[in-house]
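Would you mind keeping the following structure in view while I ask a few things?
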């Protein structure tokens, strides 16, 4: 039992830190610090930068061009990236479809898709949920009808994240209505530029456009884009979900958010003194900080066990997802609450990269304040998406507790 | 909408207060203030005192010798009684079996039992739960076999409170195995002195003897002791449970406990100053106080609606029971936590009426401290008995929300 | 004790329900949030017709002399309909302060105009450094022969863009934290040196930051000074905080209706999700919270005009702190139980949730009022 | 980083499991709580044989030089078995303080005897007025030519009745709250002027209140003075608090096993109650809490000997505060899910619950450690 970092790990951290210091574009860094909107280009450029350094996919096995990093290296990288306000790596390709292609795809698919993912050339998005099928994913109805060397795809996906930027979408489709609903599902890769694919924005409660409905009208998809076997998609889907959830704890980003929270609580005043000096508010911060201290270790314990036993992530990740999403929400809530009155203004324009606050406002209203209420509202999604907290607890009961 | 008391109500409060001031025995008052054990005689004597004053059963209708009090009068009486450290009125006769006898019993039963209850001549206890039948009460198995003008009763009741003092027990018994389990249940009154009835103590986690197993071996019970119709007992049982729950909120006692908590937090020190001056601990008290402020009004709103519409208590009482039991537990927990180290000693002898603390201990260790940890442990029962919190929420969902 | 609304109050409630159903549905409301003024002038005129603007104001000045419970009836519906008009600022908050102040002239000048729907007033009291503390302010008031000159900054002045007048707090003397050294001034919108930076709020209303640079007002513009000014401010803010408690209670009951309906109709795994016990018990907790919130709103409403400042403070800060927490629970769980549907701008659920959140951040948040309640209880133990 | 126990630690864990299964079942344990001493002398002898008493003590004095994680392995099993022997007081707390003090003679005199199981020591540091603050004490120490004379009262001295010596804190100078002006003395049990008022504790152990009336000890009995004394006390109490975290972690995992088993076997409405989703999700929360508690216990154990006082304080106070709350949740819910069966003295569940409760009240409760953690973070924001 040893929580200290090895010399190699410390050296790696120094290397990562120096790289981020040098490579994260100042403009992007500023956007993230001030809570401004990132554009697609910010994220793609960053992926390409990482790729040039050979860090495009640290967690991938070396044989697929990844860094073959250990769990701890991966964690160090995320922590440093968050601390340095580096853009997030978009997970849909790297962490979601890629492991599926590596594990269940054929050599042709691996050669075709993986290099473009790591190089930031293809933007992927996810086609799982449908209007009638959210938690009950297995009831999905989007159909793929085999016709010679193509499937004809018809249906709708919803709650799709950042599909407006995507080149490709991986979809769960129904290829059979025989047997249990889980049995007729296949895992299909679809080029977003195919005729018949259309994207409709869904505006969320924070007024932003992050998610979409995606419609498929007689979309032809080559059978070559079927991953693994027909009607085995459910197995791959569950496999993918566990990978996705390993990342949901987001400890590195939570640590960054905690630091921001303390900065905000220092900048905001109560009776003329920094809010951070108010024991009541400081205790609220302390409570979240303790949850995060614990989750950091729980997270590393769980992930290093998978690595040690060389097995894919198991149901234990559900606990990480439950706690991680709670902490993300608590931090966002406290950041908003730290603002006091300043939580009320809704300055949409303030999310634009080039916004300069009105001098009157600027005198007391910090640039970052404008994004915090919206972030709090938006992050209510954290306990809903990627398997709601209720679903995660069902998984824990069934797979771990045997209830 | 008016939360103020009428002149009549204020006069009534003054009358009650003066009576309590004069009549509560000093010795009993001291026991309650110091958290010492009450003996049966303390409670019986008090019931007789109230009866002499005509207040033996304020909430009963006048025609049964009650006070015919309004909900508010009843509430004033409870609040003043708690504040004056008057002994509790044992509910099993007054609030539980009596309403059943009034509503479903025959004239002979009403004339035989009610006067002795109000006069404190009979001590009643409850025979509901059985080893296999707790939340699932309808599955109870204690059998009553009709033989001429008697039932022959065999079986076991458990979690019986204060049965060791009881003259009578009201039981749910199985008189038929036809149809749904609810349909074969009858409501039977049994004389505890009948041969074949035996009481076995159950020691609880606080080391006290408050509850019992009660065994019935071929106990003959006159058919005259059947309340209402045979096999209709389930209806009466549910009716009784709602009456019982109207009292579970126990706002008066919670207010008294809150005052005690503040006294304890004032007597205990932190860094040489009263704990009550510590904002952190004071905030904990404030949070419970707010719940109680709200419950006081919710309680009166619900009960006065029943009275106004002249109907027996409905499922709304489940909400009162849920909140009331939570508050009772939170207050007990804070009273213990206020003690700091002093929560650790287990001084059984200190619960004896005549205990005099060792002078060394007495210098800092107040008499009442010795009972607080035990009270906290013991009151975990509050969310379990009289229908657990989980059962109450099921009731709310089914009867109020239609889920 | 009586926990029922009067016949008149029930009639008023019914009138408002009909008004909202007819003239203020969700789509209409969304259009208004995107409009210039951020509220409906027609609706404001109807408020006047229906007597809502007159309701809590004194009869001597054209009001109806209603009490805190009458305001509660209105605010519950303001919550259910997510009404955007500046009722709280003009009628409850500023109207209440003016009605309580000493100057008959000012009352005569302002109150009948408010009742007629011709005049709107906003409170410019809070400053960034003082957070929610009304007495902590740096804005200065310098007396000269013509009257006073005011200089300072005010944060997040609710309903400022449409206001004809502002009630501005400033200090003739004393340091920023001095309780006594402040005064309250009536400042017309079009006064030289007064600058607004207007913006929308997170719950669809309007507000502004104010800058006062050597703003001149005449001596008669003083609404109160010294201890009286702080007392006026506290009365007004307490009454308005009580009104916000009622608004929150109205939203919570509407939100619970919506969520319960969703649990009964949304199907997953071939059954309505309302059959799942974990969701059922959550809904039961939300129902219990609604009952407790309503009780606290009643406590606040019945103490809104309490002359005993300590009792009023404990009742209203207690209610605001309790509701801040309980309504946050209901709001967050309503979104959670709606799943992704709770996240979309197209459904009223997310708007209820946002409004509940902003109610907590308005006129003192949970932490401010919890501390105010808890610290007020500090001396209590002597009695206990 | 490595989150596994070493082979040796796993072997130790297995040894303790077998010892408990063989010699320390629930009935045996209950008998001990009712016995005079409140623990088993035989068990204590076995602790010595198994090397538990030597484990964390320095090798120069017959110890095994183990670390906080070794202690964690032991304390987890102490928790699961609800062991009653004064391991925490004698070995971890007082043993740790003596091992860290400056006097080779004292170490030579005391540590080998502890290792051999021949000596028990209890810490008499806390006083009623200071609550959990080690530096807030009124007991006085007056120097004379033969040594020192101690006078004062100590509250709830754990394991005092069986102790051969006490480590007593007192003030040569300074006011009750003065951090520097204190010293730490070794006081033999049979010293004139030392009076005990012994009693049982809520979790079955033994303790006493101590009175010192002009108690004489020689100069060599000074274990530390001034800043060093406080540092020794804090190190000892931090290490012991970390050990309590491990004990709590052991209890929580045992309690979850018991509760999960009950959910699977207890039938109501014709089915195991574990099929009800509301109870399932509660159990899932308890499982998550167990994992988080274990992580915090690891943080505490790996910082138990941290020379950086601030880092040690944040790690151990953070863990104690977190576990105080999380373990309260698990304990209360374990009782709740057992229903009335959770309330009876005949089942181990209620004893686990009581022990968890008392662990929170020992060596600083949740509020004390939360404040210590939170206040330590106060300056942080400058860095952030």
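Take the Cα radius of gyration of chain C and divide it by 2.2 N^0.38 Å, with N its residue count; two decimals is plenty.
Ratio of Cα Rg to 2.2 N^0.38 Å: 1.00.
The stretch C:148-295: D in µm²/s via Stokes-Einstein (Kirkwood Rh, Cα pairs, 4 °C, 1.567 mPa s)?
In µm²/s, the coefficient rounds to 68.
May I pose another question? Rounded, prolate or oblate: pick one for the stretch A:1-135, where a ≥ b ≥ c are the square roots of the eigenvalues of its C-alpha gyration tensor, a/c under 1.5 means rounded, and failing that, prolate if a/b is larger than b/c, else oblate.
It is oblate, given that a/c is not under 1.5 and a/b is not larger than b/c.
Nearest 10 degrees is fine. How inclined is helix C:7-23 to the longest principal axis of chain C, computing both from alpha carbons?
Tilt relative to chain C: about 80 degrees.
Averaged across the residues of D:190-202, what count of C-beta atoms belonging to other chains lies within 10 Å of each residue's C-beta?
4
A further question follows. If we hang a label 7 Å off Cα along the beta carbon direction at residue D:231, how far is it from the matching labels on the other copies, in nm, shortest first?
Label-point distances to the other copies, shortest first: 5.9 nm.
Which of the three applies to the stretch D:122-225, rounded, prolate or oblate, going by the alpha-carbon gyration tensor with a ≥ b ≥ c and a/c under 1.5 meaning rounded?
It comes out oblate by the Cα gyration axes.
Further, regarding this structure: Just want to confirm a number: the relative contact order over chain D, from Cα pairs under 8 angstrom separated by 6+ residues, in percent.
15 percent
In a Gaussian network model over chain B where Cα atoms closer than 10 Å are linked, find which of B:252, B:196, B:314 has the largest mean-square fluctuation.
Ranking B:252, B:196, B:314 by mean-square fluctuation puts B:196 first.
To the nearest 0.05, how large is the calculated FRET efficiency for residue A:178 and residue A:311 if R₀ is 35 Å and r is the Cβ-Cβ distance?
About 0.70, to the nearest 0.05.
So what is the orientation-averaged projected area of the stretch A:249-400, using the convex hull of its C-alpha atoms, in nm²?
Averaging across all directions leaves 10.8 nm² for the Cα convex hull.
Please check: in the Gaussian network model of chain A (C-alpha springs, under 10 Å), which one of A:264, A:384, A:203 has the largest mean-square fluctuation.
Of A:264, A:384, A:203, the most mobile in the Gaussian network model is A:203.
Here is a further query. Tell me which B residue has its C-beta closest to the axis rotating B onto A, and the distance in Å?
That would be B:279, 3, residue then distance in Å.
Rounded to the nearest 0.05, what FRET efficiency is calculated for residue D:231 and residue B:2 with R0 set to 60 Å and r the Cβ-Cβ distance?
For R0 = 60 Å, the calculated efficiency reads 0.45.
Report the closest approach of any chain D C-beta to the axis of the D-to-C rotation: residue and distance, in whole angstrom.
Here the nearest residue and distance are D:277, 2.
Can you give the helix-only mean residue ellipticity at 222 nm for chain D, where every DSSP H stretch with n ≥ 4 adds -39500 (n - 2.57) and the sum goes over all residues, rounded to the nearest 500 deg cm²/dmol?
-16500 deg cm²/dmol
Further question: How many Å³ per residue does the convex hull of the Cα positions in the protein assembly as shown occupy?
Measuring per residue, one finds 194 Å³ for the Cα hull of the protein assembly as shown.
OK, next. Per the Kirkwood treatment, what hydrodynamic radius in Å, one decimal, follows for the stretch D:229-376 from the mean inverse distance over all distinct Cα pairs?
For the stretch D:229-376, inverting the mean 1/r across all distinct Cα pairs yields 15.9 Å.
May I ask for the Rg/Rh ratio of the stretch B:194-263, computed from Cα atoms with Rh as the Kirkwood radius, given to two decimals?
Across the stretch B:194-263, the Cα-based Rg/Rh ratio is 1.14.
So what's the gap between the Cα centers of the stretch A:283-322 and the stretch D:102-139, to the nearest angstrom?
When both Cα centres are located, 38 Å separates them.
To continue, here is another question. Once the principal axes of the Cα atoms of the stretch D:205-272 are found, what is the range along each, listed largest first in whole angstroms?
Projected onto the principal axes, the Cα atoms of the stretch D:205-272 cover 72, 25, 14 Å.
Also: Picking from B:224, B:86, B:138, which is most flexible by a Gaussian network model of chain B using Cα springs under 10 Å?
Comparing B:224, B:86, B:138 in the GNM, the peak value goes to B:224.
Just check the stretch B:31-97 against the gyration tensor rule for me: Cα atoms, a ≥ b ≥ c as the square roots of the eigenvalues, rounded for a/c under 1.5, and otherwise prolate or oblate depending on whether a/b exceeds b/c.
The shape class here is prolate.
Considering every Cα-Cα pair within chain A, what fraction, in whole percent, is farther apart than 33 Å?
That tail contains 35 percent of the Cα-Cα pairs.
Measure nothing but the geometry: give the 0 to 90° angle between the long axis through the Cα atoms of B:71-83 and the longest principal axis through the Cα atoms of chain B, rounded to 10°.
50 degrees
Could you tell me what a quarter of the Cα convex hull surface of the stretch A:118-217 works out to, in nm² with one decimal place?
So the Cα hull casts an average projection of 7.5 nm².
How many nanometers, to one decimal and shortest first, lie between the label point of residue C:151 and those of its other copies, if labels sit 7 Å from Cα toward Cβ?
Here residue C:151 shows inter-copy label distances of 6.5 nm.
Please compute, for the alpha-carbon atoms of the stretch B:58-206, the extent along each of the three principal axes and give them in descending order in Å.
46, 43, 31
Calculate the spin-label point distance for residue C:104 paired with residue C:10, positioning each point 7 Å from the Cα along the beta-carbon direction, and give it in nanometres.
So the label points at residue C:10 and residue C:104 sit 4.1 nm apart.
Let me ask something additional. Just tell me how shielded A:271-277 is by partners: mean number of partner chain Cβ atoms within 10 Å of each residue's Cβ, no decimals.
5
Roughly how crowded by other chains is peptide B:344-352, in terms of the mean Cβ count from those chains within 10 Å of each of its Cβ atoms?
Average neighbour count from other chains, rounded to a whole number: 5.
Further, regarding this structure: How compact is the stretch D:7-118 by the rule of thumb for globular proteins, expressed as Cα Rg over 2.2 N^0.38 Å?
After normalising by residue count via 2.2 N^0.38 Å, the value is 1.06.
Restricting to Cα pairs below 8 Å that are 6+ residues apart, what does the relative contact order work out to for the stretch B:126-215? Please round to a whole percent.
Worked out over the stretch B:126-215, it gives 28 percent.
Per residue of chain B, what 222 nm ellipticity follows from adding -39500 (n - 2.57) for every DSSP H run with n ≥ 4, rounded to the nearest 500?
Value at 222 nm, helices only: -13500 deg cm²/dmol.
Another question about this same structure. So how far apart, in nm, are the two label points at residue C:189 and residue B:52 if each is 7 Å from Cα heading toward Cβ?
Spacing of the two 7 Å Cα→Cβ label points: 7.6 nm.
Quick one: with label points 7 Å out along Cα→Cβ, list the inter-copy distances for residue A:217 in nm, shortest first?
Those separations, rounded to one decimal, come out as 8.4 nm.
Just so you know, all these numbers are worked out from the coordinates, no wet-lab data involved. Given the structure is predicted, the values throughout are model-derived calculations rather than measurements. Cβ sites come from the backbone with ideal geometry, for glycine too, and all protein chains shown count toward neighbours.
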